[in-house]
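The values are calculated or read from the model by the stated rules, or taken from the named source; none is laboratory data. Computed from a prediction, not measured in an experiment: that's the story for all the values here. When we count neighbours, we look across all protein chains shown, and the Cβ atoms used for this are built from the backbone with ideal geometry, even at glycine. Protein only, heavy atoms only, side chains kept; ligands, DNA and RNA dropped before computing areas. Shrake-Rupley method; radii C 1.70, N 1.55, O 1.52, S 1.80 Å.
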Amino acid sequence: MIDLRKQFFDFWCISAEKKQFEIMANCNYESNLSSIVMYDDDAVLVEIARSMGLSLYHEYYRLDAVLFNDATDKVPNCPKGQTWLSTIQIAFEHENYINSGLFQEVSHLMITDCNLGVLVTYPNTEDEIKREIKILHKLISDSLFGKRTIRHKNILLIFGWQMPEKLIWFACSYEANDWEMLNDNIDLYLDLCNFQTNPFSIHK
(Lines give C-alpha, C1' and ligand atoms only; values in the text may rest on other atoms or scores of the structure.)
Protein backbone atom coordinates (compact mmCIF):
# COMPACT_ATOMS: atom_id res chain seq x y z
CA MET A 1 0.00 0.00 0.00
CA ILE A 2 1.34 3.42 -0.97
CA ASP A 3 2.11 5.78 1.91
CA LEU A 4 0.66 9.04 0.57
CA ARG A 5 2.66 11.08 3.09
CA LYS A 6 5.98 9.63 1.97
CA GLN A 7 5.02 9.74 -1.69
CA PHE A 8 4.14 13.44 -1.51
CA PHE A 9 7.30 14.30 0.43
CA ASP A 10 9.51 12.38 -2.00
CA PHE A 11 7.99 14.23 -4.95
CA TRP A 12 8.24 17.51 -3.02
CA CYS A 13 11.99 17.04 -2.51
CA ILE A 14 12.53 16.18 -6.17
CA SER A 15 10.51 19.11 -7.50
CA ALA A 16 11.67 21.66 -4.93
CA GLU A 17 15.32 20.80 -5.53
CA LYS A 18 14.95 22.03 -9.12
CA LYS A 19 13.68 25.35 -7.74
CA GLN A 20 15.80 25.59 -4.62
CA PHE A 21 17.83 28.66 -5.63
CA GLU A 22 14.67 30.52 -6.70
CA ILE A 23 13.01 29.57 -3.41
CA MET A 24 16.04 30.67 -1.37
CA ALA A 25 16.23 33.99 -3.20
CA ASN A 26 12.55 34.74 -2.65
CA CYS A 27 11.88 33.53 0.89
CA ASN A 28 11.22 37.12 1.99
CA TYR A 29 9.03 37.97 -1.00
CA GLU A 30 5.61 36.41 -0.42
CA SER A 31 4.05 36.81 -3.87
CA ASN A 32 7.19 35.62 -5.66
CA LEU A 33 7.57 32.56 -3.45
CA SER A 34 3.89 31.64 -3.77
CA SER A 35 4.24 31.76 -7.56
CA ILE A 36 7.33 29.56 -7.55
CA VAL A 37 5.71 27.01 -5.26
CA MET A 38 2.09 27.04 -6.48
CA TYR A 39 1.10 29.25 -9.38
CA ASP A 40 3.73 29.30 -12.14
CA ASP A 41 3.26 26.89 -15.03
CA ASP A 42 6.30 24.97 -13.79
CA ALA A 43 5.63 25.52 -10.07
CA VAL A 44 6.71 22.91 -7.54
CA LEU A 45 3.12 21.88 -6.82
CA VAL A 46 2.21 21.76 -10.51
CA GLU A 47 5.02 19.29 -11.13
CA ILE A 48 4.03 17.21 -8.10
CA ALA A 49 0.43 16.97 -9.30
CA ARG A 50 1.64 15.89 -12.72
CA SER A 51 3.97 13.27 -11.22
CA MET A 52 1.17 11.87 -9.06
CA GLY A 53 -1.36 11.83 -11.90
CA LEU A 54 -3.62 14.34 -10.14
CA SER A 55 -5.26 17.62 -11.07
CA LEU A 56 -4.56 20.88 -9.24
CA TYR A 57 -7.00 23.61 -8.26
CA HIS A 58 -6.13 26.80 -6.36
CA GLU A 59 -8.15 28.57 -3.65
CA TYR A 60 -10.74 25.85 -3.10
CA TYR A 61 -12.79 26.90 -0.07
CA ARG A 62 -9.89 29.17 0.90
CA LEU A 63 -7.37 26.32 0.87
CA ASP A 64 -4.26 27.41 -0.99
CA ALA A 65 -4.62 24.41 -3.29
CA VAL A 66 -6.13 20.96 -3.61
CA LEU A 67 -5.00 17.96 -5.60
CA PHE A 68 -7.67 15.57 -6.88
CA ASN A 69 -8.36 12.75 -9.30
CA ASP A 70 -10.13 14.32 -12.26
CA ALA A 71 -11.84 11.05 -13.20
CA THR A 72 -13.27 10.11 -9.80
CA ASP A 73 -13.27 13.08 -7.43
CA LYS A 74 -15.36 15.69 -9.27
CA VAL A 75 -19.07 16.15 -8.58
CA PRO A 76 -21.01 14.68 -11.54
CA ASN A 77 -22.84 17.09 -13.82
CA CYS A 78 -21.44 20.25 -12.24
CA PRO A 79 -21.69 23.32 -14.50
CA LYS A 80 -19.09 23.64 -17.22
CA GLY A 81 -16.09 25.68 -16.16
CA GLN A 82 -16.69 25.08 -12.45
CA THR A 83 -14.86 22.73 -10.11
CA TRP A 84 -16.80 20.99 -7.32
CA LEU A 85 -15.26 18.03 -5.58
CA SER A 86 -16.68 15.03 -3.73
CA THR A 87 -13.21 13.92 -2.63
CA ILE A 88 -9.95 15.77 -1.98
CA GLN A 89 -6.82 13.69 -2.26
CA ILE A 90 -4.43 16.34 -0.90
CA ALA A 91 -5.23 19.68 0.72
CA PHE A 92 -2.27 22.06 0.60
CA GLU A 93 -1.37 25.14 2.64
CA HIS A 94 1.76 27.23 2.12
CA GLU A 95 2.95 29.74 4.71
CA ASN A 96 5.98 31.89 4.00
CA TYR A 97 6.31 33.17 7.56
CA ILE A 98 6.43 30.62 10.36
CA ASN A 99 5.58 33.29 12.95
CA SER A 100 2.29 34.26 11.32
CA GLY A 101 0.27 31.63 13.21
CA LEU A 102 0.56 28.15 11.71
CA PHE A 103 -2.37 27.04 13.87
CA GLN A 104 -4.65 28.74 11.34
CA GLU A 105 -3.45 26.57 8.46
CA VAL A 106 -3.42 23.37 10.52
CA SER A 107 -6.91 23.97 11.90
CA HIS A 108 -8.10 24.44 8.31
CA LEU A 109 -6.51 21.14 7.30
CA MET A 110 -8.05 19.39 10.32
CA ILE A 111 -11.62 20.27 9.30
CA THR A 112 -11.03 19.42 5.64
CA ASP A 113 -12.05 15.89 4.69
CA CYS A 114 -9.02 14.82 2.67
CA ASN A 115 -6.66 11.90 2.36
CA LEU A 116 -3.67 14.09 3.21
CA GLY A 117 -3.32 17.61 4.59
CA VAL A 118 0.04 19.31 3.93
CA LEU A 119 1.52 22.50 5.36
CA VAL A 120 4.84 23.88 4.07
CA THR A 121 6.71 26.64 5.89
CA TYR A 122 10.20 28.09 6.40
CA PRO A 123 11.69 28.39 9.91
CA ASN A 124 14.55 30.76 10.67
CA THR A 125 15.70 29.30 13.96
CA GLU A 126 15.71 26.00 15.80
CA ASP A 127 13.63 27.57 18.58
CA GLU A 128 10.89 28.50 16.10
CA ILE A 129 10.61 24.86 15.05
CA LYS A 130 10.45 23.66 18.67
CA ARG A 131 7.76 26.18 19.53
CA GLU A 132 5.51 25.44 16.56
CA ILE A 133 5.95 21.66 16.83
CA LYS A 134 4.65 21.76 20.40
CA ILE A 135 1.80 24.20 19.65
CA LEU A 136 0.56 22.22 16.65
CA HIS A 137 0.82 18.84 18.34
CA LYS A 138 -1.26 20.07 21.28
CA LEU A 139 -3.77 21.66 18.89
CA ILE A 140 -4.33 18.33 17.15
CA SER A 141 -4.18 16.06 20.20
CA ASP A 142 -6.71 18.16 22.12
CA SER A 143 -9.20 18.14 19.24
CA LEU A 144 -11.86 15.69 18.12
CA PHE A 145 -9.78 15.24 14.98
CA GLY A 146 -6.86 14.05 17.09
CA LYS A 147 -9.00 11.38 18.71
CA ARG A 148 -10.01 9.83 15.37
CA THR A 149 -7.26 7.23 15.13
CA ILE A 150 -7.86 6.41 11.47
CA ARG A 151 -7.04 9.97 10.44
CA HIS A 152 -4.14 10.65 12.79
CA LYS A 153 -1.53 10.28 10.12
CA ASN A 154 -2.93 12.57 7.48
CA ILE A 155 -1.40 15.85 8.70
CA LEU A 156 2.03 16.39 7.16
CA LEU A 157 4.31 19.32 8.04
CA ILE A 158 7.20 20.20 5.72
CA PHE A 159 9.88 22.64 6.87
CA GLY A 160 12.37 24.25 4.48
CA TRP A 161 15.63 24.93 6.36
CA GLN A 162 17.97 27.28 4.52
CA MET A 163 21.66 26.47 4.52
CA PRO A 164 24.24 28.78 2.89
CA GLU A 165 24.14 26.89 -0.39
CA LYS A 166 21.04 24.68 -0.31
CA LEU A 167 17.64 24.01 1.21
CA ILE A 168 17.10 20.99 3.42
CA TRP A 169 13.53 19.74 3.75
CA PHE A 170 12.24 18.08 6.89
CA ALA A 171 8.87 16.31 7.04
CA CYS A 172 6.95 15.09 10.06
CA SER A 173 3.54 13.52 10.42
CA TYR A 174 1.24 13.62 13.44
CA GLU A 175 1.27 10.70 15.88
CA ALA A 176 -0.51 10.67 19.24
CA ASN A 177 2.69 10.62 21.31
CA ASP A 178 4.97 12.70 19.05
CA TRP A 179 5.67 13.65 15.43
CA GLU A 180 6.92 10.90 13.12
CA MET A 181 9.87 11.98 10.99
CA LEU A 182 9.67 10.92 7.34
CA ASN A 183 13.23 11.82 6.35
CA ASP A 184 15.58 8.95 5.64
CA ASN A 185 18.85 9.28 7.57
CA ILE A 186 17.33 11.90 9.84
CA ASP A 187 20.33 12.00 12.21
CA LEU A 188 22.59 12.90 9.31
CA TYR A 189 20.39 15.85 8.35
CA LEU A 190 20.08 17.05 11.95
CA ASP A 191 23.87 17.05 12.26
CA LEU A 192 24.24 18.82 8.93
CA CYS A 193 22.01 21.64 10.16
CA ASN A 194 23.92 21.84 13.46
CA PHE A 195 20.76 21.34 15.51
CA GLN A 196 21.55 20.85 19.17
CA THR A 197 18.64 18.44 19.63
CA ASN A 198 15.88 17.08 17.43
CA PRO A 199 13.63 20.18 17.23
CA PHE A 200 10.85 18.14 15.60
CA SER A 201 10.09 16.20 18.79
CA ILE A 202 7.75 17.52 21.46
CA HIS A 203 9.88 15.77 24.07
CA LYS A 204 13.12 17.67 23.40
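For the chain, what does the accessible surface come to per residue with a 1.4 Å probe? Please give it in Å².
Value returned for the chain: 51 Å² of accessible area per residue.
Could you point to the label whose value was computed as Kirkwood radius over Cα pairs in Å for the structure here, given (i) 25.6; (ii) 17.4; (iii) 22.5?
(ii)
With every protein chain in place, what's the accessible area of Glu165 (1.4 Å probe, Å², nearest 10)?
150 Å²
Please determine, in degrees from 0 to 90 and to the nearest 10, the orientation of helix 4-18 with respect to the longest principal axis defined by the Cα atoms of the chain, where the helix direction is its Cα long axis.
Roughly 80 degrees between the two axes.
Could you work out how much longer the chain between Ser86 and Arg62 gets when fully extended? Use 0.36 nm per residue separation minus the Cα distance between them, nm to one decimal.
Extending this stretch completely gives an extra 7.0 nm.
Hey, in the GNM for the chain with a 10 angstrom Cα cutoff, which one of Asp42, Asp187, Asp178 fluctuates hardest?
Asp187
Sum -39500 (n - 2.57) across every DSSP H segment of at least 4 residues in the chain, then divide by the residue count to get the 222 nm mean residue ellipticity, nearest 500.
Roughly -9500 deg cm²/dmol at 222 nm, from the helical runs in the chain.
Need one number: % antiparallel among DSSP beta bridges in the chain, to the nearest 5.
Details: 19 of 31 bridges.
Antiparallel bridges: around 60 percent, rounded to the nearest 5.
Positive end of the charge dipole of the chain (Lys, Arg +1 and Asp, Glu -1 on Cβ, about the Cα centre): tell me which of Ala71, Asn124, Ser35 has its Cα farthest that way.
Sorting the options by dipole projection puts first Ala71.
Size of the dipole of the chain about the Cα centre, Lys and Arg at +1 and Asp and Glu at -1 on the beta carbon, nothing else charged, in debye to 20?
On the way: 18 positive and 29 negative charges, 134 e Å.
Dipole about the Cα centre, nearest 20: 640 debye.
Projecting each Cα onto the charge dipole of the chain (Lys/Arg +1, Asp/Glu -1 at the beta carbon, about the Cα centre), which of Met110, Leu136, His58 comes out farthest on the positive side?
Most positive-ward Cα: Met110.
Given a 1.4 Å probe and every protein chain left where it sits, what share in percent of the accessible area of the chain is carbon and sulfur?
On the way: 5270 of 10470 Å².
On the chain, the fraction of accessible area on carbon and sulfur atoms equals 50 percent.
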